[in-house]
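Notes follow the structure.
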Amino acid sequence: MKSSVILLCLHVICVNALSVSLFPLKAQIQLSPLNSKGSFIEGKDKVLMPVIEGKDLREHYSLDERAIALSTIAVTPNGTQFEAVMLPATLTLFEQAIQSFEIRGLDTEIFIVPHQMPSKEPKNPETYSPHVVIGTDERLPITDTRVRPHLYNGKIDTGCTGTLISPLHVLTAGHCVSDGEGQWYRELDFTAGQNGNDKPWETMTWKKVMTTTAWHTQRDYNFDYALIVLDDAPHGGHSGWGTYSDGLHSVTGYPADKSWRTMWTDSGETSSSTYRVCYTLDTSGGQSGSGIKDERGYVRGVHTTGALSQNCGTRLTSTVFTMLQNWMAATP
């Protein structure tokens, strides 16, 4: 079956001598079903955090390569797969519009979504007292996972962390949903604010997941991000999120080397390159997919890899931000 093409939803900038005005270009990703069924890897806690060195595995791509990389692949729990192909001509127009924003310094004002508070209270509210880990491990436990921004984080059954960026959409790493060799992970249900056996909100089942073609079939870590669509909203709230800028950030998630399904965090300085954000924050397997959050709790990247010298993640660029918004619009 012929795949649908991506018509990106973005803003077009108009400049005259007196003002700068913005207006939306109405368009959307159109996912078309594929004939082939998706292949699944069964079982919970299957994902291991990749270990790689270097900020960027690769810095430069041709237009055709970027178009292929930014094409979308998706699957539902019954194995129905969907695809949307990015055409080079569409990508050219899109990149020109993005550049117009960036050269005028408008990207940080336009490509941002504010926090939304939950509409559903947690079950059996409790009061917690924080404590500090002693020793060289600088991660701290999040003892009250029911408060902002931690209530937007959650445990993914495949063995990863994700962040709600809308009431129904969970941002995570591509390698948390796909092995990068064409197979999907089955166990993608999400529990917001989990703290050991305590689940302040119910575990929510998933109805669709999508990632980039560059990750799903080429295992390209520069495009290692994904979006899980839930059947129901855990609590009606979501984290703020937007494009990355340097400064202090934190990585908060569910490390496999700590108590079962407990949330831990570390914070510090970050640096970035074209596709990646890197830091010396302590992380472990299970924190893959965690949001890289600024001091206001806004997600600015997605934690993906570890190494002896530094840990890194996918940078939320204007391109990634717009792709995510289009994915969300295609799967409300």
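Of the residues Ser245, Ser259, Ser272, Ser284, which is touching a Cys at 6+ places or on another chain (Cβ under 9 Å), in contact (Cβ under 8 Å) with a residue 60 or more places away in the chain, open to solvent by 10 Å² or more (accessible area, probe 1.4 Å) and within 27 Å of Arg139 (Cβ to Cβ)? Give the steps one after another, and end with the answer.
Numbers: Ser245 fails: touching a Cys at 6+ places or on another chain (Cβ under 9 Å); Ser259 fails: touching a Cys at 6+ places or on another chain (Cβ under 9 Å); Ser284 fails: touching a Cys at 6+ places or on another chain (Cβ under 9 Å).
When all the criteria are applied, what remains is Ser272.
Test of understanding: among Gly174, Gly154, Gly182, Gly193, which residue is within 15 Å of Lys46 (Cα to Cα) and open to solvent by less than 40 Å² (accessible area, probe 1.4 Å)?
Gly174
Could you figure out which of (1) open to solvent by 20 Å² or more (accessible area, probe 1.4 Å); (2) farther than 29 Å from Gly105 by Cβ; (3) part of a loop (DSSP other than H, G, I, E, B); (4) not charged (D, E, K, R) isn't true of Thr265?
Thr265 satisfies all of (1) open to solvent by 20 Å² or more (accessible area, probe 1.4 Å); (2) farther than 29 Å from Gly105 by Cβ; (3) part of a loop (DSSP other than H, G, I, E, B); (4) not charged (D, E, K, R) except (3).
Here is a list of conditions, (1) over 19 Å from Asp220 (Cβ atoms); (2) modelled with pLDDT of 80 or more, and Leu7 meets all of them except one; can you say which number that is?
Just one mismatch for Leu7, condition (2).
Can you tell me which residues in segment 64-106 are modelled with pLDDT of 80 or more and in a loop (DSSP other than H, G, I, E, B)?
Of everything in segment 64-106, those that are modelled with pLDDT of 80 or more and in a loop (DSSP other than H, G, I, E, B) turn out to be Leu70, Ser71, Thr76, Pro77, Asn78, Gly79, Met86, Leu87.
Of the residues that make up segment 55-63, is at least one under 28 Å from Gly242 (Cβ atoms), at pLDDT 95 or above, among the hydrophobic types (A, V, I, L, M, F, W, C) and not in a strand (DSSP E or B)?
yes
Any idea which residue in segment 297-316 is most open to solvent (accessible area, probe 1.4 Å), counting only those that are assigned to a loop (DSSP other than H, G, I, E, B) and modelled with pLDDT of 95 or more? Spell out the reasoning first.
Going residue by residue through segment 297-316, those that are assigned to a loop (DSSP other than H, G, I, E, B) are 297-298, 307-310, 316.
The next check asks that each one be modelled with pLDDT of 95 or more; those that pass are 297-298, 316.
Details: Gly297: 5, Tyr298: 23, Leu316: 2 Å².
Taking the candidates together, the pick is Tyr298.
The values are calculated or read from the model by the stated rules, or taken from the named source; none is laboratory data. Everything numeric in this text was worked out from a predicted model, so none of it was measured. A quick note on method: Cβ atoms are made from the backbone with ideal geometry, for glycine too, and the neighbour counts reach across all protein chains shown. Accessible surface areas use protein heavy atoms only, side chains included; no ligands, DNA or RNA. Shrake-Rupley method; radii C 1.70, N 1.55, O 1.52, S 1.80 Å.
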